[in-house]
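None of the figures in this text is laboratory data; all of them are computed from the coordinates on show. Since we're looking at a predicted model, the values are computed, not measured. When we count neighbours, we look across all protein chains shown, and the Cβ atoms used for this are built from the backbone with ideal geometry, even at glycine.
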Amino acid sequence: MSAPSTGGASRDGYGSALLRLAEDPRVVVLEADLGKSTKSCLFREANPERTVSLGIAEQNMVLVAAGMSSSGKIPFASTFAIFTERGFEQVRNGVARPGLVVHLCGSHGGIHTGTDGSSAQSIEDLALYRTIPGMTVIHPCDDLSAEELTIQLLHHDRPSYTRTARNKTPRMYDEVSCKDLKIGKGSRLREGSDIAIIACGVMVSEAVKAAEVLSSKGIEATVVDMHTIKPLDTELIDDLVETCGGIVTAEDHSVIGGLGSAVAEHVSYTGGVPIRMVGVSDRFGESGEPEELMELMGITHGDIISSCESILS
Amino acid sequence: MNSGDRASKMTTSQLRELALRCRRHIVKMIHAAGAGHPGGSLSAIDMIAALYGNQLRFDVDNPNWDDRDRFIMSKGHASPAVYSILFEMGFIDEEDMMSFRKMGSVCQGHVDMKWTDGVDFSAGSLGMGLSFGLGCALAARMDSSDRNIWVMVGDGEIQEGQFWEAAMAADFHSAGRLNLIVDRNRIQNDDFVEVQMEVGDVAAKLSSFGWDVREIDGHNMEQVSEAILWSSTKTDSPTAIVAHTTKGKGVSFMEDNPSFHGKAPNDKELEMAMGELS
């Protein structure tokens, strides 16, 4: 792994991937007015004949995508994470239930979205889509990994939901290391046997930062970028349970139903180690800069550090 | 069978006989299941018989043929109407049909493309079918295919906002191969549509959304056939047939009776119905 560098937002990676995917004539892109924000506009500019604009009407977009999938297309439909939720039952009944391969992307996920305020900050999307049978749920941490994982969706035979983030975060990968990523397999960014930090999205760089501080205190942490929330890499978690003294999860999402819940559900079957979840407690966000909000919500690298220390004490 | 290669089309009288046989299947399978939706199946069946009898291009031996016409039954609770015609066309056998709603049956409570050959859409949640049909129509155009997409909705169903999202989008995208049939039987689950929330002049509403619309008597086979032909040949804009129908048509005690929206006939009612449908 290369040292983290200033990169792009994961939504930029999604947009770049769509452009590359255009080589496959089956790929179509659906928009609900927010293409400039989700970055599907890059595909639109290059391939207007394969881009379908559906206006501010997410329920319709989801089922139009389903119809196109049933007719041999590979649809990528996107809007803000929060607005995909308006079509949740459509995803459940119209896409996943018949097993149609539609790839839904929700950008601007989490409180990291910032000043738009709580109406735009989805903190429940991962939980929602995780409950749907057969659905793959992905939340990449930077632009390069978002691009790689989106490219892999071309050959993914299940419907999926990918959450991307609005703002830039430090790159966890470079052009070479991102090629090792695989949907459904967590990525180890750092090795340590005292404790394991499992993070997703914008919290991955916070986890790395936390691990560096912990190291200076003599605590060595494994850091995992769990970019795929479902199917969860249970093999990797089992290994962490064997080798580490505890697990801290970190996500820009409600602690109810997201990555932390998924990890805890699995460990509840196997048993073994204490778990602490760093995430948004059962509350809504508000307007503010991302850093301010992360502080307010208790989802900074400092919160990860104190959770690790609380387990080890 | 590729129905597109049929040597001769069915006559109006043959279509009526086909619809009558389907009515018998509908009542029998709902009776056998002890549950189901006879009212909306019986109101829709004349249009469905005319579509499958003369219009739709399909291949029973290759139900997933890419270039088949699509029939999207958005009012998925009227599944017995679909299963009756699929049986008549040879997609499913009698045992399948009569196992309606039983565990493991290919004939699920609501039509489901994952379970039944010949079913193009997984319905059950109202208001979604027109959007799905629009997706099929847009994909067909991208593929330069002349396959037609038929969508049937109920009138209570169009209370769903998504239906109007799709209606607006179909006009915007000039989805000329998209053909809508509204089964205007005036009754929904709880009561008459005018009591629950009247949908008003559906034809005028669709016209104002840019659709070409015709209104017909949905039980008059000449009018049904003519309207289907008109709709199939008009390919520059989406078309809608607003079919005025009678819920429970053909069985006197079910006709215009909200209680038979979703209730199975008992043994005695089955006997009476079979007597009337002969």
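Summing -39500 (n - 2.57) over the DSSP H runs of n ≥ 4 in chain A and dividing by its residue number, what mean residue ellipticity at 222 nm do you reach, to the nearest 500 deg cm²/dmol?
-10000 deg cm²/dmol
How would A:Asp12, B:Asp120 line up from fewest to most surrounding beta-carbon atoms within 10 angstrom?
The order, fewest Cβ neighbours first, is A:Asp12, B:Asp120.
Could you pull out every residue, at least 5 positions away or on a different chain, whose amide H is within less than 5 Å of the one on A:Thr162? Hs are placed 1.01 Å off N in the peptide plane, and Pro or chain starts have none.
So A:Thr162 has HN proximity to A:Leu104, A:Cys105, A:Gly106, A:Ile138.
What number do you get for the range B:98-196 when its Cα radius of gyration is normalised by 2.2 N^0.38 Å, N = residues?
1.21
Skipping prolines and chain starts, which residues have an amide H placed within reach, meaning under 5 Å, of the one on A:Ile74, given they are 5 or more residues away or on another chain?
Close amide H contacts, sequence-distant or interchain: A:Val27, A:Val28.
Once phi is turned into ³J(HN,Hα) by the Karplus curve 6.51 cos²θ - 1.76 cosθ + 1.60 with θ = phi - 60°, what whole-Hz value does each residue of the range A:266-272 show in order, with x for glycine and proline?
Once rounded to whole Hz, the list reads 5, 5, 5, 7, 8, x, x.
To the nearest 20 Debye, how big is the dipole of the range B:11-276 about its Cα centre, given +1 on the beta carbon of each Lys and Arg and -1 on that of each Asp and Glu?
Using Cβ point charges on Lys, Arg, Asp and Glu, the range B:11-276 gives about 140 debye.
For the range B:83-160, state which trypsin sites (Lys or Arg not before Pro) are in a DSSP loop and have at most 16 other beta carbons lying within 10 Å of their beta carbon.
Those that pass, being in a loop and sparsely packed, are B:Lys102, B:Lys114.
State the Cα centre-to-centre distance between the range A:237-313 and the range B:64-100 in whole Å.
Value for the Cα centre distance between the two parts: 49 Å.
Let me know the Rg and Dmax you get for the range B:12-168 when you use only its Cα atoms, in Å.
14.9, 45
Need one number: the % of Cα-Cα pairs in the protein assembly as shown sitting beyond the 34 Å mark.
Beyond 34 Å sits 46 percent of the P(r) for the protein assembly as shown.
Answer rounded, prolate or oblate for the range B:191-278, using the Cα gyration tensor with square roots of eigenvalues a ≥ b ≥ c: rounded when a/c is under 1.5, else prolate when a/b is larger than b/c, else oblate.
oblate
Dividing the alpha-carbon Rg of the range A:245-313 by 2.2 N^0.38 Å yields what?
1.16
Which order do the peptides A:198-204, B:229-235 come out in when sorted by mean C-beta neighbours inside 10 angstrom, highest first?
Ranked from most to least packed, the peptides come out as A:198-204, B:229-235.
Which three numbers, in whole Å and largest first, are the semi-axes of the equivalent ellipsoid of the range B:43-118 derived from its Cα gyration tensor as √(5λ)?
18, 14, 11
Give me the distance between the Cα centres of the range B:192-244 and the range A:110-131, rounded to whole Å.
Rounded to whole Å, the Cα centres lie 41 Å apart.
HN-Hα J couplings of the range B:266-277 from phi, Karplus 6.51/-1.76/1.60, θ = phi - 60°, integer Hz, Gly and Pro as x?
Taking θ as phi minus 60°, the curve returns 7, 4, 5, 5, 4, 4, 4, 5, 5, x, 6, 9 Hz for the range B:266-277.
Whole-Hz Karplus ³J(HN,Hα) for the range B:213-229, in order, using 6.51 cos²θ - 1.76 cosθ + 1.60 and θ = phi - 60°, x for Gly and Pro?
Residue by residue, the range B:213-229 yields 10, 10, 10, 9, 7, x, 10, 8, 4, 5, 5, 4, 5, 5, 5, 5, 4 Hz.
Tell me the Kirkwood hydrodynamic radius of the range A:5-171 in angstroms, computed as one over the mean inverse distance between distinct C-alpha pairs.
15.2
Counting DSSP beta bridges with both partners in the protein assembly as shown, what percentage is antiparallel, nearest 5?
Of all bridge pairs located within the protein assembly as shown, approximately 15 percent are antiparallel.
If you rank A:Thr162, A:Thr270 by fewest surrounding Cβ atoms within 10 Å, what's the result?
A:Thr270, A:Thr162
List the lysines whose Cα sits under 27 Å from the Cα of A:Lys230, skipping any in the same chain fewer than 8 residues away.
The reachable lysines, counting only those whose Cα sits under 27 Å from A:Lys230, are A:Lys39, A:Lys73, A:Lys168, A:Lys179, A:Lys182, A:Lys185, A:Lys209, B:Lys114.
Given axes a ≥ b ≥ c from the Cα gyration tensor, I'd like to know whether the range A:78-119 is rounded (a/c under 1.5), prolate (a/b larger than b/c) or oblate.
prolate
If we count every other residue with Cβ under 15 angstrom of A:Arg26's Cβ, Lys/Arg +1 and Asp/Glu -1, where does the sum land?
-2
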